[in-house]
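**Student:** One structure follows; several queries about it will come next.
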Amino acid sequence: MSAINYASKRRTQAILKVLIIFVATFICIALAYFIISNIFGGKLATASNGITLTAWKAKYLNIVILTGALTGLCSLIWFILTSLVFKVEYSMGTGKRTAWAALGFIAVVISIAVPILYSNTLNIQVNGIVVGAFVFLFAMINYWLVTIFATPLSFKYTPIGAQFLLSRN
């Protein structure tokens, strides 16, 4: 394979993986908004000092977009680290899984803290089900699952669980 073809293939794969991150982030934001606002929006709007459902949904959308964007950024940072910063020198003791886990921890903290703290700022109510849904959608899917499929091949087994989801047995 020529050097030009290899570089072109590598660039195409990188674009595809970044696209996976953006599409997954958009899907998680859409799911978090439409599912939660349609199931719990009425009750949470009533509990939020009686504001209208439309006003509650508008404020809730801000929380969803902020949480989704920040956890999507964690996935993008992982991709950039594994594409441009980390080098394949030796497998043991390099700290790559520690970096992945630290970013995952940050994604979990974002998924919990943003809806709780930002809802207080916006004067709307969210409940534990909303926070749990955020952790599932944004930390588990938008970070953990996305990093499994968007990690470059040289580090594809670094995310925990990747060996089970990516094995060809």
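The values are calculated or read from the model by the stated rules, or taken from the named source; none is laboratory data. Here the structure is a predicted model, which means the values were calculated and not measured. Using ideal geometry, Cβ is built from the backbone for each residue, glycine included, and neighbour counts are taken over all protein chains shown. Heavy atoms of the whole protein, side chains included, go into the accessibility calculation; ligands, DNA and RNA do not. Shrake-Rupley method; radii C 1.70, N 1.55, O 1.52, S 1.80 Å.
**Student:** Which pairs do you get when a residue that is under 15 Å from M140 (Cβ atoms), found in region 107-120, comes within reach of a residue that is in a helix (DSSP H, G or I) and open to solvent by 30 Å² or more (accessible area, probe 1.4 Å), reach meaning Cβ atoms under 7 angstrom, with the pair 6+ apart or on two chains?
**Tutor:** Once the first residue is under 15 Å from M140 (Cβ atoms) and sits in region 107-120, its partners that are in a helix (DSSP H, G or I) and open to solvent by 30 Å² or more (accessible area, probe 1.4 Å) give V108/V135; I110/L70; S111/V135; I112/V135.
**Student:** Related question: For Y143, state whether it is at pLDDT 90 or above and either basic (K, R) or out of contact with any Lys or Arg (no Cβ under 9 Å at 6 or more places or on another chain) (or both).
**Tutor:** yes
**Student:** Oh, and also: Which number in (1) more than 17 Å from the chain's Cα centre (by Cα); (2) under 15 Å from F134 (Cα atoms) marks the one condition that I65 misses?
**Tutor:** The failed condition is (1).
**Student:** Another question, if that's okay. Which ranges mark the helices (runs of 4 or more DSSP H) fully within region 72-169 that have 2 or more residues being open to solvent by 20 Å² or more (accessible area, probe 1.4 Å), β-branched (V, I, T) and over 18 Å from F40 (Cα atoms)?
**Tutor:** 96-122
**Student:** Kindly indicate whether any position in region 2-14 is under 23 Å from V109 (Cα atoms) and either touching a residue at least 60 places away in the same chain (Cβ under 8 Å) or surrounded by 18 or more Cβ atoms within 10 Å (Cβ to Cβ) (or both).
**Tutor:** Within region 2-14, none of the residues are under 23 Å from V109 (Cα atoms) and either touching a residue at least 60 places away in the same chain (Cβ under 8 Å) or surrounded by 18 or more Cβ atoms within 10 Å (Cβ to Cβ) (or both).
**Student:** Suppose we keep only residues that are open to solvent by less than 10 Å² (accessible area, probe 1.4 Å) and touching a Ser or Thr at 6+ places or on another chain (Cβ under 8 Å) within region 29-71. Which one would you say is modelled with the lowest pLDDT?
**Tutor:** The extreme case among them is A45.
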